[in-house]
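A short write-up of the structure that comes next.
Readers should treat all values here as calculations from the given coordinates under stated rules, not as data from a laboratory. On a predicted model such as this, the values are computed, not experimentally measured, just so you know. Counting neighbours? That spans all protein chains shown, and the Cβs are built from the backbone with ideal geometry, glycine included.
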């Protein structure tokens, strides 16, 4: 017998994972679709098999979207299998990374005097756009590089606006959208250029392209500046995509300080129907962690 939605929610509110619920004699079932497009990624359900098996499992639990930062590097056959799985399951493909930064080298420097990194960045986009077409994906994540200590910040900003305008022209021709991701410098990405949602808003407004917008990753935003809902409200016209993860730890909602129930309520009031990327790890290993992950999203989805 399947449990009522209320039973699952009540168990989640008590901090019980699905395995705990089952042991307590309360049957568990997650077949009901979530009301919002929360998007797991490869590794969210690692115990269930390979990539396609994980997508199928996610769909069976009610998830309606998927993310894949690594899509550009995947073989064509695997991309086609993913696209088929999404179509069969009625799932939306979320973001893939358009041009992967060289993290250990602190490159690219898109605001540098030398324009080589800007041209290389633009040269990466056509192949990524073709992958997005194959997956029927709309959004491609863009990281606007690192700070160049030798160049004034305002000059770097102007150059990045210009290169993003050019990148937007490429994306717009394919009906794709580049979403620039602000990252935190305090915990994860020292010396990154784009650090706040408001900075992303400035560059998106400057680029003035329907294909250049901002990805609001609330884990990074909380660390760097906080004030999440007022910031989202002020910059909302340039934000078509949300990612989540709790802080500290970058794990599922409910493991840290961010009140994701309130965030979801705000998104509902905004009538947000886009993807909410689950850009985080699991707080427990193995199937217990996967069950806790599902329960965490049931809890925030119930508001």
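Some points to look at:
- GNM remark for the chain: springs join alpha carbons under 10 Å apart, and the peak mean-square fluctuation among 270, 205, 287 falls on 270.
- Under a Gaussian network description of the chain, with springs only between Cα atoms under 10 Å, the residue in 169, 246, 80 that fluctuates furthest is 80.
- Label zone (residue 119, point 7 Å along Cα-to-C-beta; backbone nitrogen cut-off 12 Å) within segment 132-171: none.
- Sorted fewest first by neighbouring Cβ atoms within 10 angstrom, 261, 269 come out as 269, 261.
- Computed [θ] at 222 nm, deg cm²/dmol, the chain (DSSP H ≥ 4; -39,500 (n - 2.57); rounded to nearest 500): -13500 deg cm²/dmol
- Available extension along the chain between residue 70 and residue 33 is 10.7 nm, counting 0.36 nm per residue and deducting the alpha carbon span.
- The long axis of helix 286-301 is offset from the longest Cα principal axis of the chain by roughly 80 degrees.
- Cα long-axis angle, helix 197-207 against the chain (0 to 90 degrees, to the nearest 10): 50 degrees
- GNM remark for the chain: springs join alpha carbons under 10 Å apart, and the peak mean-square fluctuation among 62, 245, 256 falls on 256.
- For segment 103-250, share of DSSP beta bridges that run antiparallel, in % to the nearest 5: 10 percent
- Per-peptide average of other Cβ atoms within 10 Å, ordering 186-199, 290-303 highest first: 290-303, 186-199
- Among beta bridges identified by DSSP and lying wholly in the chain, the antiparallel ones come to about 15 percent.
- Gained length - residue 225 relative to residue 155, 0.36 nm times residue gap less alpha-carbon distance: 22.9 nm
- Highest mean packing first, where packing is the average number of other Cβ atoms within 10 Å per residue, the peptides 213-226, 104-117 line up as 213-226, 104-117.
- A protection proxy built from the mean count of other Cβ atoms within 10 Å ranks the segments 276-283, 158-165, most packed first, as 276-283, 158-165.
- The simple Förster model, with R0 at 25 Å and r as the Cβ-Cβ distance, assigns residue 166 and residue 80 a FRET efficiency of 0.25.
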